[in-house]
Number of protein chains: 2
Amino acid sequence: MFKRRELMLRGAALGLLPLHARAQALAATRRVGRLVAIGGAEDRLQDRVILRRYVELCGGPRARIRVLSAASGDPRGVWLAYQQVFAELGVSDSAHLDIIDPTHANSAEVVDQILDADGIFISGGDQRRLMDLVWETEAFRALHTAFHLRGCCVGGTSAGAAVLSRHMLAQGAAPRLPEKEAAELDLGLGFVSKAIIDQHFSERGRLGRLLSVLAQRPDMLGVGIDEDTALVIERGLSVEVVGQGAVTLVDGRQLRSNFDDIDSHERLEMLNVRVHLLPAGRRYSASSGDYSFRRMPPSLRDAVSLLVAPGPIRG
Amino acid sequence: MFKRRELMLRGAALGLLPLHARAQALAATRRVGRLVAIGGAEDRLQDRVILRRYVELCGGPRARIRVLSAASGDPRGVWLAYQQVFAELGVSDSAHLDIIDPTHANSAEVVDQILDADGIFISGGDQRRLMDLVWETEAFRALHTAFHLRGCCVGGTSAGAAVLSRHMLAQGAAPRLPEKEAAELDLGLGFVSKAIIDQHFSERGRLGRLLSVLAQRPDMLGVGIDEDTALVIERGLSVEVVGQGAVTLVDGRQLRSNFDDIDSHERLEMLNVRVHLLPAGRRYSASSGDYSFRRMPPSLRDAVSLLVAPGPIRG
């Protein structure tokens, strides 16, 4: 807590406004935190349904959008591509959140960019490359401050989606059938605390991989997001599927597996897994007053509650 | 019933023994019916774990095994291939159950071959080609008589596995995500009455297709069998997975889908599907006295009961 307060003070000190005015400004713009987890390969040329929606959730064309492309091996190239797309979508204030190394991730410049953003967009690449840069840095804390306290809309595609969860699927083999420890888990940004997100899901046949990690962490919900498809999570409110494909929720919380009885990379037995296949165009509310809630089976209500639950502020 | 009795009489009249002796012989050899549903591409050259097991379930090297290759476009070639494999496995009495057309399927020759068999092995190909030949023929009735009354072991690979169920998945597109009416259902041989069998399951990513048909028939259990993998069903007793891969049981009986609200080939929403992934080497008993039964979650017990339930004698 102390560190975050320090961070706020520092962020405020660096701003143009005095502290109390800045705090007021933060409070005035406080919105419900939203996440846009995209399964990769989102349309950037045609209708751009997902990116258009992302811009809208950031606040529209006047939103300040910062592109975090550090997961990519070509951060500048990726930034330029998104700069063009966001410009074409009418965004006048987009900028590259160009984090060079962990020292830079601790800099006031980076922190300020994050705290000022209405939207942070995290590109694809390798989720570990991004985490190696920001883990336990001021930038990491600023991202949480921005999301939790300012309602900044955090979007991520492919690796940028995987990184949104606390327990992050690091790249690993994707066996057709689940195997013990087929893929490694690592720590991600942690905006979603009780789910593990995988991407390119049905296109790359990753159910086996997601089941593999759920055998290891049966307390988590598995979220498989297809390409050109996004799961929009409105904290405390609802989840919605946008785009072309579907989101597969894999709930292993009542699972029985032989994880403890077998060796690494042996084939898993997995009994009693619950699956919900949510196609694009559907919204699932976590509020009992909502029509969509009433038509949901209890097991899905429960899964949605887990997804929209506000995780802790990290940092 | 009359027709089947007639069939029995005819089969008996054609046999070497008088009717009462034949009936006695049938009763003496009556065993629990077993099905060996193979997901295609079973090993025929190396360890041949599945075919070896099939021979064992037929009664060993002295078993009379009849190969029904009518699903194939090259029935003779397929028969010759299996003849060699069965010979290599020590079977001295294997023969080609060569059904040429529906008239032939009504012949005493074919009926007698079936009623005399300890094992019927159904090859791959197109399940509809086989059903077009045998539907409502004496051969169809004889297959049921052999399985239900004589305990003949019926094995089938690929199309030959699909055809074992009453509600048979006819060839159809295998979309990554389930779509309304993506694949057609037709009537199969019906040894399994409450399940739909699909094959080449994880290799060809057929979960979407199986889910598609379950949306249409949520009262059925979906059974996805991998290549070089078999589900051995001992009627009333247990199921066992043999070979290299796994069997995926997809239970949609508590499913909620939008099947009634959408048009053909539209994307399905499927909520609350239960999945059990059963790896090779596992046996699941339907008997409460068995250890494997006690460690099974209730949902799996229920699914296994459905699989081992004796379906009606058809014909």
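Here are a few things to note about the model shown:
- Selection of the range A:256-281 for residues being at the interface with another protein chain (Cβ under 9 Å from one of its Cβ atoms) and open to solvent by less than 30 Å² (accessible area, probe 1.4 Å) yields A:ASN258, A:LEU268, A:GLU269, A:MET270, A:LEU271, A:ASN272, A:VAL273, A:VAL275, A:HIS276, A:LEU277, A:LEU278, A:PRO279.
- Qualifying positions in the range B:199-208 - surrounded by 19 or more Cβ atoms within 10 Å (Cβ to Cβ) and part of a loop (DSSP other than H, G, I, E, B): B:GLN199, B:HIS200, B:PHE201, B:SER202, B:ARG206
- Contact map, the range B:297-315: residues that are more than 14 Å from B:VAL232 (Cα to Cα) and outside any loop (DSSP other than H, G, I, E, B) paired with residues that are aromatic (Phe, Trp, Tyr) and at pLDDT below 95, Cβ distance under 9 Å, separation 6+ or inter-chain. Pairs shown: B:ARG301/B:PHE293.
- Note on the range A:145-198: enclosed strands (runs of 3 or more DSSP E) holding 1 or more residues that are open to solvent by 10 Å² or more (accessible area, probe 1.4 Å) are A:167-169, A:185-187.
- From B:GLY311, B:GLY315, residue being closer than 29 Å to B:LEU143 by Cα, more than 7 Å from chain A (Cβ to nearest Cβ) and open to solvent by 20 Å² or more (accessible area, probe 1.4 Å): B:GLY315
- Within the range B:265-286, the set of residues being under 19 Å from B:ALA183 (Cβ atoms), out of contact with any Asp or Glu (no Cβ under 8 Å at 6 or more places or on another chain) and outside any loop (DSSP other than H, G, I, E, B) comprises B:MET270 only.
- Tabulated pairs, the range B:35-54, first surrounded by 24 or more Cβ atoms within 10 Å (Cβ to Cβ), second in a helix (DSSP H, G or I) and small (Gly, Ala, Ser), C-beta under 6 angstrom, 6+ apart or interchain: B:ALA37/B:ALA161; B:ILE38/B:ALA161
- Close pairs (6 angstrom Cβ cut-off, 6 or more residues apart or separate chains): open to solvent by 20 Å² or more (accessible area, probe 1.4 Å) in the range B:104-125, modelled with pLDDT under 95 anywhere: B:ALA108/B:LEU14; B:ASP112/B:GLY11; B:ASP112/B:LEU14
- Looking at the range A:65-126, the helices (runs of 4 or more DSSP H) lying wholly inside it that each contain 1 or more residues that are within 21 Å of A:PHE140 (Cα to Cα) and among the polar types (S, T, N, Q) sit at A:102-105, A:108-116.
Each row is one residue, and each column tells you yes or no for (1) touching a helix residue (DSSP H, G or I) at 6+ places or on another chain (Cβ under 9 Å); (2) under 23 Å from A:HIS104 (Cα atoms).
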| position | (1), (2) |
| --- | --- |
| A:LEU130 | yes, yes |
| A:VAL134 | yes, yes |
| A:ARG141 | yes, yes |
| A:PHE147 | no, yes |
| A:GLY155 | yes, yes |
| A:GLY160 | yes, yes |
| A:ALA170 | yes, no |
| A:ALA174 | yes, no |
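The values are calculated or read from the model by the stated rules, or taken from the named source; none is laboratory data. Note that this is a predicted model, so its numbers are computed, not measured. In this analysis, Cβ positions are derived from the backbone assuming ideal geometry, glycine residues included, and neighbour counts consider all displayed protein chains. Only protein heavy atoms, including side chains, enter the accessible area calculation; ligands, DNA and RNA are left aside. Shrake-Rupley method; radii C 1.70, N 1.55, O 1.52, S 1.80 Å.
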